[in-house]
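Just below is one structure, and these are the notes that go with it.
The values are calculated or read from the model by the stated rules, or taken from the named source; none is laboratory data. All of these numbers come straight from a predicted model, not from anything done at the bench. Virtual Cβ from ideal backbone geometry, glycine too; neighbours counted across all protein chains shown.
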Amino acid sequence: MTQKPKKHAPFPSRDEVLKFIEDTPGRVGKREIARAFNLDIDQKMQLKKLLKEMKEDGQVQRGPGHKFAEPGSLPPVGVVVIIGPDTDGEIRAKPMTWDQEGAPPAIYMAPERRGSPALAPGDRVLARLNRSEDQSYEGRTIRLIGAAAEKILGIYAIVEGQGRLKSTSRKAKGDYFIAATDALDAAEGDLVRCEILPGRRTGLRQAKVLERLNTEGGATSISLIAIHDYDIPTTFTEQALDLANAAKAAPLGKREDLRDVALVTIDGADARDFDDAVFAEPDTDKNNPGGWHLIVAIADVAWYVRPGDALDRGAYERSNSVYFPDRVVPMLPEALSNGWCSLVPHEERPCMAAHMWISADGQLIRHRFVRGLMQSHARLTYEQVQAARDGDADEHTGPLTDLVIAPLYGAYEALNKARHKRGVLELDLPERRIVIGENGEVARVEMRERFDSHKLIEEFMVTANVAAAETLEKKRQPCMYRIHDEPSMEKMESLRQFLDSLSIRLAKGQAIRAELFNRILGKVKDTPNATMVNEVVLRSQSQAEYNPDNIGHFGLALRRYCHFTSPIRRYADLLVHRALIRGLGLGEGGLEEDAKNFANIGETLSKNERRAAAAERSSVDRFCASYLAEKVGALFAGRINGVTRFGLFVTLNDTGADGLVPMRSLPDDYYIHDEAQHQLRGRRSKKVYRLGDSVDVMLMEADPISGSMIMQVIDGEALQSPKKVAPRPPGKPVANKSGAKPKSKSKSKSKSRAGRRKSRTQS
């Protein structure tokens, strides 16, 4: 009987082999491919030749164990390095090693198991990698291989011939030693980023300089400390700078010609960019007696920054400009922020303009948005405008007083009526202003004056923001609302207990409105408790944020509100401009994003806004400490702005600078911390230190590097003959009220320690 010839399986084509490799998780070898296609020995030799050709053609790549995969793919298990969260809040990672052409594929780490520590940038992780349909990878942690080395920011100093790092953090417990070989040629006063080295040596922990951030020293380092502490982006990509430098004047085209309208900018004297201009005139409509026609013109940033380009990506990464006393970290390159997107006087600029008509009592009747071409007729300051209003016009405001400034105030008075009627939260809290001298040092610290001209611009901007939100709702466009929730029940209960101590009743169960807080503030106005109550009311409020889901704005007592008026310095405003352009069909640069991504965008914008605010506050604190460092030992009047179990926070009246009065420095007594009533009460002396109380303090320490200040409460007798006192050396105990020195080591000292431990436990 003749044997039938063996039937060969058809040899797969190149495309079939490639598809099998792509569809198979991880890497596959010749054996797996041959088995999948049922190949015989002769066909296996043919497969080997085919795979070699595919590798040479770049269709596949060969990895360990002669395994094949498509180019740019990753193994099923590998070591990755954590980069950090992306713009959507997902944790990104990259392969530990990558020797292929092009960028490695994106890796998104799955959430860690409950109870496991969160992954930090720089962590090395052995991860299981699964490819997604979009060619990215999901990584799941198998185990943590190595944590990121701890980084620290500080000022390099030479102490007794040895390198030292003085940390910028207030929480730092001491200096770090830096060996000469690890100093990276750092000089005295340089701002440096360091890595804390593992292990301990006798004495100080050791650090290594990774990067010199500033070599100028002095006050020029202060803002840089905040910038690097909070990772504020400061550089733009080459592509973004090229786009900004290539920008040119926008044509009139279909824009509304506003060049003859007497629009003016009103800003602070130190303003570096001008993104809004205003105009007002009486409404000629007979159906609106006493009403006004307003125009708020905003720089047309959307014309120059298009969705998805390098400028847009850089602006989103920053989310907002950051303002320091000595510099600005802009959201957009200077060629735009101070150039084509700044409403420079007497120069043509493209704009987005809101025409608004309001009634005599300030109600918004109707509005329309246009894309226009304008020419600012004047650059005015708040001080100039207010002086002109008060009858003291200068050469710039004189010709504008009747035709421009007077109608602006007329419209403002109408808007102010509406503001009071709806019950806007009216907090009265001072704001610090740091004045930098020509030498770059702090010349003075003062409280910023507040004029009606400030309020005028604020009301015009609020009205335009409301009009923008209404328009987007009408056109069914996504809107990045600026929302502000009402205070939580926990905060309201805490406020209620505090007000009870002042004999101010806040009934339970009543509707929480901004007007409710205004009535409370009205009761304490012009009383010693006014500042204290304003502080506590502020702390009871929720934090405003960006969100596509509207809940209204509690503080402004508005049902809908967004930010439209500052696209130069806020990305949220740019999104609103783009949505208006798309919804109203106003040409190029309209919104491309869908509303479904707005929630993630809003979360990022809110987070970066808080980051910027924290950086600005820390910078101001450091500048104040730098200014007051030469005044250690001097006496100051202040008020208590915080009460904690470890001491008091005091704000100085003249400068607004904040410092800590440690519990140990208070007059000898056992102090009980009453959190509900915001006070410390002495058990024996019955002495009470309460939030808002006026106190006289002596400045004991002022550290410009960390921005911290230590103060000591001084009684009235000490103030009768004020004199400067030498600062207390670090670590030396402060004498008590009677001037007695601390007792030597004895039973009494042990007893005192025990008493202090008991005090801390009970407070």
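Anything in region 277-309 that is touching a helix residue (DSSP H, G or I) at 6+ places or on another chain (Cβ under 8 Å) and over 30 Å from PRO251 (Cβ atoms)? List them, or say none. Reasoning before the result, please.
Within region 277-309, the subset touching a helix residue (DSSP H, G or I) at 6+ places or on another chain (Cβ under 8 Å) is 278-282, 290-292, 294, 296, 298, 300-302, 304-307, 309.
Matches in region 277-309: PRO282, GLY290, GLY291, TRP292.
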Legend entry - Residues being under 28 Å from ASN287 (Cα atoms) and in contact with a Cys (Cβ under 8 Å, 6 or more places away or on another chain) - total across region 358-414: 2
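Answer yes or no as to whether ASP703 is among the charged types (D, E, K, R), within 30 Å of ILE152 (Cβ to Cβ) and surrounded by fewer than 19 Cβ atoms within 10 Å (Cβ to Cβ).
Values: among the charged types (D, E, K, R): yes; within 30 Å of ILE152 (Cβ to Cβ): yes; surrounded by fewer than 19 Cβ atoms within 10 Å (Cβ to Cβ): yes.
Yes; evaluated as a whole, the condition is true for this residue.
Okay, residues lined up against (1) charged (D, E, K, R); (2) in contact (Cβ under 8 Å) with a residue 24 or more places away in the chain; (3) under 20 Å from ALA271 (Cα atoms); (4) in contact with a helix residue (DSSP H, G or I) (Cβ under 7 Å, 6 or more places away or on another chain):
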site: LEU311; (1), (2), (3), (4): no, yes, no, yes
site: GLY314; (1), (2), (3), (4): no, yes, no, yes
site: VAL322; (1), (2), (3), (4): no, yes, yes, yes
site: ARG327; (1), (2), (3), (4): yes, yes, yes, yes
site: SER337; (1), (2), (3), (4): no, yes, yes, no
site: TRP340; (1), (2), (3), (4): no, yes, yes, yes
site: GLU348; (1), (2), (3), (4): yes, yes, yes, no
site: MET352; (1), (2), (3), (4): no, yes, no, yes
site: MET356; (1), (2), (3), (4): no, yes, no, yes
Legend entry - Matching entry among GLY587, GLY552, GLY583, GLY638 (being assigned by TED's automatic domain parsing to the domain that holds MET700 and either acidic (Asp, Glu) or more than 28 Å from VAL329 (Cβ to Cβ) (or both)): GLY638
Inset, instruction - Pick out the one residue from ILE581, ILE601, ILE551 that is part of a loop (DSSP other than H, G, I, E, B), in contact (Cβ under 8 Å) with a residue 40 or more places away in the chain and either within 24 Å of the chain's Cα centre (by Cα) or more than 29 Å from ASP326 (Cα to Cα) (or both). - result: ILE551
Legend entry - Of the criteria (1) in contact with a strand residue (DSSP E or B) (Cβ under 6 Å, 6 or more places away or on another chain); (2) under 26 Å from VAL620 (Cβ atoms), which one GLY139 fails: (2)
Legend entry - Within region 600-641, tally of residues that are farther than 17 Å from HIS563 by Cβ and surrounded by fewer than 16 Cβ atoms within 10 Å (Cβ to Cβ): 8
Legend entry - Sole exception among (1) out of contact with any Cys (no Cβ under 9 Å at 6 or more places or on another chain); (2) touching a residue at least 40 places away in the same chain (Cβ under 8 Å); (3) assigned to a helix (DSSP H, G or I) for LEU586, by number: (3)
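Can you find, within region 647-665, the residue that is surrounded by the most Cβ atoms within 10 Å (Cβ to Cβ) among those that are assigned to a loop (DSSP other than H, G, I, E, B) and in contact (Cβ under 8 Å) with a residue 40 or more places away in the chain? Can you show your working first?
So the first thing to find is which residues in region 647-665 are assigned to a loop (DSSP other than H, G, I, E, B), and the list is 653-657.
Filter once more, keeping what is in contact (Cβ under 8 Å) with a residue 40 or more places away in the chain: 654-657.
Numbers: ASP654: 13, THR655: 21, GLY656: 20, ALA657: 25.
The extreme case among them is ALA657.
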Inset, instruction - State whether one or more residues within region 618-630 are assigned to a helix (DSSP H, G or I), more than 19 Å from ARG448 (Cα to Cα), touching a residue at least 40 places away in the same chain (Cβ under 8 Å) and of a type in the set (Phe, Trp, Tyr). - result: no
Inset, instruction - List the number of the failed condition for HIS396; all other conditions in (1) at pLDDT 95 or above; (2) touching a strand residue (DSSP E or B) at 6+ places or on another chain (Cβ under 8 Å); (3) not aliphatic (A, V, I, L, M) hold. - result: (1)
Inset, instruction - Among the strands (runs of 3 or more DSSP E) lying completely within region 399-484, list those that include at least 1 residues that are in contact with a His (Cβ under 8 Å, 6 or more places away or on another chain). - result: 481-483
Legend entry - Among residues of region 499-524, those that are of a type outside the set (Gly, Ala, Ser) and part of a loop (DSSP other than H, G, I, E, B), counted: 8
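How many residues are among the small types (Gly, Ala, Ser), part of a strand (DSSP E or B) and surrounded by 22 or more Cβ atoms within 10 Å (Cβ to Cβ) if we restrict to region 359-389? Reasoning before the result, please.
Going through region 359-389, the residues among the small types (Gly, Ala, Ser) turn out to be 359-360, 362, 372, 376, 378, 387-388.
This time we only want the ones that are part of a strand (DSSP E or B), so: 372, 378.
Next, from what is left, pick out any that are surrounded by 22 or more Cβ atoms within 10 Å (Cβ to Cβ): 372.
Selection size over region 359-389: 1.
Mind checking which residues of region 341-358 are in contact with a strand residue (DSSP E or B) (Cβ under 7 Å, 6 or more places away or on another chain), within 17 Å of ARG259 (Cβ to Cβ) and either not acidic (Asp, Glu) or not in a loop (DSSP other than H, G, I, E, B) (or both)?
Taking region 341-358 as the starting set, the residues that turn out to be in contact with a strand residue (DSSP E or B) (Cβ under 7 Å, 6 or more places away or on another chain) are 341-343, 345-358.
Checking the rest, the ones that are also within 17 Å of ARG259 (Cβ to Cβ) come to 342-343, 345-353, 355.
Scanning region 341-358 gives SER342, LEU343, PRO345, HIS346, GLU348, ARG349, PRO350, CYS351, MET352, ALA353, HIS355.
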Inset, instruction - Return only the number of the condition from (1) surrounded by 15 or more Cβ atoms within 10 Å (Cβ to Cβ); (2) not assigned by TED's automatic domain parsing to the domain that holds GLY84 that ALA127 does not satisfy. - result: (2)
Inset, instruction - Say whether the condition of being polar (S, T, N, Q), assigned by TED's automatic domain parsing to the domain that holds ARG318 and not in a helix (DSSP H, G or I) is met by at least one residue in region 247-268. - result: yes
Inset, instruction - Count, please, the residues in region 217-270 that happen to be under 22 Å from LEU336 (Cα atoms), of a type in the set (Ser, Thr, Tyr) and touching a strand residue (DSSP E or B) at 6+ places or on another chain (Cβ under 8 Å). - result: 2
Inset, instruction - Among the residues of region 659-669, write down those that are at pLDDT below 90 and closer than 15 Å to ASP696 by Cα. - result: SER665, LEU666, PRO667
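For region 554-578, which residues satisfy the criterion of being part of a loop (DSSP other than H, G, I, E, B) and either among the polar types (S, T, N, Q) or within 25 Å of ALA418 (Cα to Cα) (or both)? Explain how you work it out, then say what you get.
First, pick out the residues of region 554-578 that are part of a loop (DSSP other than H, G, I, E, B): 554-557, 559-561, 563-569.
Passing the criteria: PHE554, GLY555, LEU556, ALA557, ARG559, ARG560, TYR561, HIS563, PHE564, THR565, SER566.
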Legend entry - Total residues in region 678-698, condition buried (at least 17 other Cβ atoms within 10 Å of the Cβ) and out of contact with any Leu (no Cβ under 6 Å at 6 or more places or on another chain): 9
Inset, instruction - Considering every residue within region 256-263, establish whether at least one is surrounded by fewer than 20 Cβ atoms within 10 Å (Cβ to Cβ) and at pLDDT below 95. - result: no
Inset, instruction - Go through (1) touching a residue at least 60 places away in the same chain (Cβ under 8 Å); (2) out of contact with any strand residue (DSSP E or B) (no Cβ under 6 Å at 6 or more places or on another chain); (3) of a type in the set (A, V, I, L, M, F, W, C) one by one and return the number of the condition ALA297 breaks. - result: (2)
Inset, instruction - Would you kindly identify the strands (runs of 3 or more DSSP E) lying entirely within region 276-334 that contain at least 2 residues that are modelled with pLDDT of 95 or more and crowded, with 22+ Cβ neighbours inside 10 Å? - result: 276-282, 292-299
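Can you spot a residue in region 474-483 that is among the aliphatic types (A, V, I, L, M) and either within 30 Å of ASP390 (Cα to Cα) or under 27 Å from the mean Cα position of the chain (by Cα) (or both)? Write out each step before concluding.
From region 474-483, those among the aliphatic types (A, V, I, L, M) are 480, 483; that's our starting set.
Within this subset, residues satisfying the condition of being either within 30 Å of ASP390 (Cα to Cα) or under 27 Å from the mean Cα position of the chain (by Cα) (or both) are 480, 483.
Checked region 474-483: at least one residue is among the aliphatic types (A, V, I, L, M) and either within 30 Å of ASP390 (Cα to Cα) or under 27 Å from the mean Cα position of the chain (by Cα) (or both).
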Inset, instruction - State whether the residues of region 378-392 include one that is touching a strand residue (DSSP E or B) at 6+ places or on another chain (Cβ under 6 Å), closer than 30 Å to GLU588 by Cα and either in contact (Cβ under 8 Å) with a residue 24 or more places away in the chain or among the β-branched types (Val, Ile, Thr) (or both). - result: yes
